[in-house]
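All remarks here apply to the structure that follows.
What follows draws every value from the coordinates through simple rules; no lab data is involved. Predicted model only: the values in this text are computed from it and were never measured. Using ideal geometry, Cβ is built from the backbone for each residue, glycine included, and neighbour counts are taken over all protein chains shown.
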Amino acid sequence: MAGAMLKGWIGAGEAPGRFQVVDPSHPDLPPGVNWHEGPPGEGFGDAVVQLGFKPQMLGDIAPGLAGAVGAETTLTSIMAGVELASLRAAFPDAGAIVRVMPNMPVAIGKGAVGLIAEDRAAPGVEEIGALAGKLGTAEWVADEALIHVLTALVGSGPAFVYRYIDALARGGERLGLDADVSRRLSLAMAEGASALAAGSGESPAALADRVASPGGTTRKGLDVLDDGEALAGVIGAALDAATARAREMAEEAKR
Ligand SMILES: NC(=O)C1=CN([C@@H]2O[C@H](COP(=O)(O)OP(=O)(O)OC[C@H]3O[C@@H](n4cnc5c(N)ncnc54)[C@H](OP(=O)(O)O)[C@@H]3O)[C@@H](O)[C@H]2O)C=CC1
Ligand SMILES: O=C(O)[C@@H]1CCC=N1
């Protein structure tokens, strides 16, 4: 995920030399990005430090980093579940702390990013919002419980959309289309429908009705999706499950 953000920032015009990656194994990095095996001996100073490893690794990795994170350092974390209080406990000397919840489309500047800060007024926090804005659409929330929801909606969301597109493609194939043709057209349809909705003043719900010509094909299909709130029910249940897992991960990070 952190690599996708790096790609997004460089694609948005940020100089690769601005970025320093700290990772004991040497990852494949875009040309010009700097790599370090460990944190700088003199500390991170006034840099923005983003934690991009798995939440389950916090307990192992934080002790080796915390000494390099001082009051001038702005700390950000993209870890699902790990709450601000857990980050503060692991990095007691950090300056501002911000949680950033991105998703994979940040790599092409089309991300959706949720943010919450320990203190919105702290120095360095506005810069994090501006950096997130370069990756797509960024929104601050004030209640940390909502970051768990955004983890499901925004972070996991692309996977749910990919399942939907895959189901469309498989449906087309079942009805006789060549598999590759069905996949290409399903993707193009989903991309076009999203782009049109994003640029329209109308809600997706209203647009769905506009596609449905009276007595036509779309209404018949919508009737299936809407019957007993079938689609809303299943998507809602997926969001519930993913949000519940984020909350569970928050508890795990406190142990
Ligand atoms: N995948 C997604 O769409 C999203 C993920 N997230 C969050 O992003 C984080 C990463 O997830 P994801 O990218 O899926 O998982 P990955 O396993 O792909 O990424 C983990 C990263 O951590 C690095 N890493 C491992 N050990 C260390 C270490 N000791 N010090 C520094 N870096 C280390 C790995 O580097 P290497 O490969 O070189 O070992 C790798 O780049 C998680 O916290 C997740 O919750 C948030 C939103 C969306
Ligand atoms: O699946 C996960 O836990 C991470 C967080 C959101 C997307 N991927």
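Separation of the alpha carbons by more than 29 angstrom is noted, of K7/K54; K134/K220; K7/K254, for K134/K220; K7/K254.
Between the alpha-carbon centres of the range 128-201 and the range 58-99 there is a gap of 30 Å. Charged neighbours of R210, selected by a Cβ distance under 15 Å, balance to -1 (K, R count +1; D, E count -1). Sorting 96-109, 8-21, 187-200, 138-151 by their mean Cβ neighbour count within 10 Å, with the most densely packed peptide first, gives 96-109, 138-151, 8-21, 187-200. Full extension of the segment from D166 to A230, taken as 0.36 nm per residue of separation minus the current Cα-Cα distance, would add 21.3 nm. Each of L196, L177, F160 was scored by the projection of its Cα onto the charge dipole of the range 160-200, and the greatest displacement toward the positive side belongs to F160; charges sit on the C-beta of Lys, Arg, Asp and Glu.
Long hydrophobic helices in the chain: the complete DSSP H runs spanning 27 Å or more by Cα along their own axis with mean Kyte-Doolittle hydropathy of at least -1.0 are 179-198, 230-254. Considering only alpha-carbon pairs that sit under 8 angstrom and 6 or more positions apart, the relative contact order computed for the range 37-186 is 17 percent. Of the residues W35, A15, A112, the one whose Cα sits farthest toward the positive end of the charge dipole of the range 1-159, with +1 on the Cβ of Lys and Arg and -1 on the Cβ of Asp and Glu, is A112. Positive end of the charge dipole of the chain (Lys, Arg +1 and Asp, Glu -1 on Cβ, about the Cα centre): tell me which of A89, H26, V69 has its Cα farthest that way. Checked the options; the winner is H26.
Under the convention that each Lys and Arg Cβ holds +1 and each Asp and Glu Cβ holds -1, the size of the dipole of the range 40-104 around its Cα centre is about 260 debye. The charge dipole of the chain, taken about its Cα centre with unit charges on the Cβ atoms of Lys, Arg (+1), Asp and Glu (-1) only, comes to about 620 debye.
Taking amide H atoms as placed 1.01 Å from N in the peptide plane, the amide H of G136 lies under 5 Å from those of G111, each 5 or more residues away in sequence or on another chain.
Only DSSP H runs of four or more residues enter the estimate; each adds -39500 (n - 2.57), and after division by the residues of the chain the mean residue ellipticity at 222 nm equals -15000 deg cm²/dmol. For the range 129-255, a crude dipole built from +1 on the beta carbon of Lys and Arg and -1 on the beta carbon of Asp and Glu, taken about the Cα centre, is about 300 debye to the nearest 20.
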